[in-house]
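Have a look at the structure below before the remarks.
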């Protein structure tokens, strides 16, 4: 076993199980702890490349008539039973396109978005915070009542701000660091359940 594999056993497990990235195990841990996939029929995965979270979703969602959409600016190798929207999450019409593809509102929005790291911790945290805020903004536009939202954050001075914003719209909020995340990584996941959709 290489030194790299000893440091990152989840990468080796992912290869063995056919997952496209070790990030699959982060979502598997989130699901085991918070049951976000249970009952979900319309699911959106933002910044989905290379597709490991989509693989987990297609394997673990047992509902009939599933609609799953992956969104990424990069081309993505197809995933069975998944529709792909090739787009930046900054596109002003993205929420409309998601709702159109789903034929309605989503039960679950996932976001494992990450910026290209610069090594400048302040800048990287700002960029990650922006992606978290943007993911939340999209979720608020496409989620149905009682739907769930998961997004990646970096632990920083911006974390509590996004938690506060999310608390205003969801009944259940938790911060969670999966064991599949590298110990040195600042990443943490915001789990938000039971969306309080505004009255229409």
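A straight chain from residue 123 to residue 187 at 0.36 nm per residue would run longer than the Cα-Cα distance by 21.6 nm. Each residue in 48, 113 was given a count of other beta-carbon atoms within 10 angstrom of its own, and listing them fewest first yields 113, 48. Residue separation of residue 93 and residue 164 scaled by 0.36 nm, minus their Cα-Cα distance, works out to 22.9 nm of gained length. Segment 99-184 gives an Rg/Rh value of 0.99, both radii derived from C-alpha positions and Rh following Kirkwood. Take the Cα of residue 137, step 7 Å toward its Cβ, do the same at residue 116, and the gap between the two points is 2.2 nm. Extension gain, residue 177 to residue 197: 0.36 nm times the residue separation minus the Cα-Cα distance gives 4.5 nm.
If you rank 181, 135 by fewest surrounding Cβ atoms within 10 Å, what's the result?
Numbers: 181 20, 135 26.
Fewest to most other Cβ atoms nearby, the residues stand as 181, 135.
The ellipsoid that matches the Cα gyration tensor of segment 1-109 has semi-axes, each √(5λ) in whole angstrom, of 26, 17, 11, with the longest given first.
Over the residues of the chain, the helix contribution to mean residue ellipticity at 222 nm works out to -11000 deg cm²/dmol, using -39500 (n - 2.57) for each DSSP H run of at least 4. Counted by neighbouring Cβ atoms within 10 Å, the residues 43, 98 run from fewest to most as 98, 43.
Here, each number is a calculation from the coordinates, and none is a lab measurement. Fair warning: this is a prediction, and the values are worked out from it, not measured in the lab. Don't worry about glycine lacking a Cβ; one is built from the backbone with ideal geometry, like all the others, and counts go over all protein chains shown.
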